[in-house]
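The values are calculated or read from the model by the stated rules, or taken from the named source; none is laboratory data. In this text the structure is predicted, and so the values were computed from the model without any measurement. Quick reminder, even Gly has a Cβ in these numbers, built from the backbone with ideal geometry, and neighbours come from all protein chains shown.
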Amino acid sequence: MHQLVIEEFQNRFGASPTHIVRAPGRVNLIGEHTDYNDGFVLPMAIDRAIWIALRPRPDRRVLLHSLDFAEPTDFSLDNLTHAHGWSEYVRGIAWILQQQGFTPGGWEGTLASDVPVGAGLSSSAALELALLRAFWTVSDFEWDGARMAQLAQQADHGWVGIQSGIMDQMISALGMANHALLIDCRSLDVELVPLPDAIRVIILNTATRRGLVDSAYNERVAQCRIAANFFGVPALRDVSLAVFNTKAENLDKIIRRRARHVISENERTLQATSALRRGDAKTFGELMNASHESLRGDYEVSSHELNTMVQIARQQAGCYGARMTGAGFGGCAVALIEAVVTEDFVKSVEAAYTQETGLQPNIYICQAGDGEKVVSASQTSEVSKLRKSE
Ligand code: GLA
């Protein structure tokens, strides 16, 4: 990708880029549909990313060619209007920066990605973080990962029109190689949790995605608000299982199930983090399994294909646990397995899933990668910024 994006830049602009930035996609290990309830999540950044090669422009234009789309994004920072598709994200980031009082500069570049789009691996958050970093290289604002994640989320809400939580942007900004990241989605405090060498995280793409995902997502967000109001708290994060068990009987049946998922998932996420810290993959896997059952039964965001994939994964030797991951309604499952069984696991799951569903899954053996960064030219630019502030 690195080479590809540079070559494309040279072909387009007949010169070398001044900066290369990249931001990764993510997979969530546990803590699903908890982020917009001010709760806990435990994702990791993956070793697949969006790359942008760029150079500053003397004017206030932004021009970006993507290797995956024929139409470039091309607009003036002084005249922001809505567009379609991926272009909306570029405009959204330009919009939020100006909205928040920053003065972004113009730039031109090329973009390449190996984060599959629409698979639930957060290609949009990766795009947003890469764009923020691209703007940073040609502007004069401080970089703070959590703050940038918030800006990306505000762009989603205010420009793109998606009510996303904060998990995807936070992990794309702050992930670290060989670690998962516990994120407190209220305070935005983070803790790195090392991933033991002897385990592998496998992403199992069901090759399905339901159109309903956005409306169902917004409906879940609304149901959680109703539940929080019922308990008289700002968010479901503030309700323990003990309080839930004593008070929930007067709650509407569906809302009660939604709340039970969120409240129990927060507890599972904290328990899973402790398990991972002590290298207890067995307990971690059991908590992943319980998370899936709760998402399937109480939160109702799984699908036939996800359930099939999860079941097949769990039947394999060396699998500690498996669950759907991300928003749901298709997309990916994630499994935690013993590293030594990886090859057999992948082959068997692939064959069994195709046999059961007739679909060809995509399976990614993932390493936890670093969060966004300036890949080259970073040294010079970091150093010059440091010098400026010294
Ligand atoms: C999507 C959202 C996240 C989070 C997950 C569910 O990926 O973008 O913010 O809510 O769904 O955990």
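Points worth noting:
- Residue count for the range 50-95, restricted to those that are of a type outside the set (Val, Ile, Thr), touching a residue at least 24 places away in the same chain (Cβ under 8 Å), crowded, with 17+ Cβ neighbours inside 10 Å and out of contact with any Lys or Arg (no Cβ under 9 Å at 6 or more places or on another chain): 12.
- The range 20-71: number of residues that are within 16 Å of the ligand (Cβ to nearest atom) and of a type in the set (Ser, Thr, Tyr): 2
Quick grid of which residues meet (1) at pLDDT 95 or above; (2) exposed (fewer than 14 other Cβ atoms within 10 Å of the Cβ); (3) touching a Cys at 6+ places or on another chain (Cβ under 9 Å):
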| site | (1), (2), (3) |
| --- | --- |
| Leu182 | yes, no, no |
| Ser187 | yes, yes, no |
| Asn205 | yes, no, yes |
| Gly211 | no, yes, no |
| Tyr217 | no, no, no |
| Gly232 | yes, yes, no |
| Leu236 | yes, no, yes |
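- Scanning the range 134-149 for residues that are closer than 16 Å to Met170 by Cβ and buried (at least 24 other Cβ atoms within 10 Å of the Cβ) yields Met148, Ala149.
- If the condition is being among the charged types (D, E, K, R) and more than 22 Å from the chain's Cα centre (by Cα), then the range 209-229 contributes only Arg225.
- From Glu71, Glu32, residue being out of contact with any Pro (no Cβ under 8 Å at 6 or more places or on another chain) and either farther than 29 Å from Tyr299 by Cα or not charged (D, E, K, R) (or both): Glu71
- Scanning the range 159-174 turns up no residue that is farther than 14 Å from Ser124 by Cβ and out of contact with any helix residue (DSSP H, G or I) (no Cβ under 7 Å at 6 or more places or on another chain).
- Residues (within 11 Å of the ligand (Cβ to nearest atom) and of a type outside the set (S, T, N, Q)) located in the range 153-176: Asp156, Ile162, Gly165, Ile166, Met167, Asp168, Met170, Ile171
- The residues of the range 332-384 that are of a type in the set (Ser, Thr, Tyr), surrounded by fewer than 14 Cβ atoms within 10 Å (Cβ to Cβ) and at pLDDT 95 or above amount to a single one, Thr354.
- Of all residues in the range 117-143, those satisfying the criterion of being within 18 Å of the chain's Cα centre (by Cα) and more than 16 Å from the ligand (Cβ to nearest atom) are Ala130, Leu131, Leu132, Arg133.
- For the range 301-321, the criterion of a residue being over 26 Å from Gln355 (Cα atoms) and touching a helix residue (DSSP H, G or I) at 6+ places or on another chain (Cβ under 6 Å) is satisfied by no position.
- Sole residue being in contact (Cβ under 8 Å) with a residue 24 or more places away in the chain and farther than 28 Å from Leu4 by Cα, chosen from Gln150, Gln98: Gln150
- From Arg260, Arg278, residue being assigned by TED's automatic domain parsing to the domain that holds Ala222 and either crowded, with 16+ Cβ neighbours inside 10 Å or of a type in the set (A, V, I, L, M, F, W, C) (or both): Arg260
- The range 47-90: number of residues that are in a strand (DSSP E or B) and within 17 Å of Gly106 (Cβ to Cβ): 14
- Criterion: away from the ligand (no atom under 16 Å from the Cβ) and farther than 22 Å from Val375 by Cβ - qualifying residue of Leu111, Leu77, Leu97: Leu77
- Taken together, Ile171, Ile183 contain a single residue that is in a strand (DSSP E or B) and in the same structural domain as Pro116 (by TED's automatic domain parsing), which is Ile183.
- Qualifying residue in the range 187-206 (condition: among the acidic types (Asp, Glu) and under 16 Å from the mean Cα position of the chain (by Cα)): no
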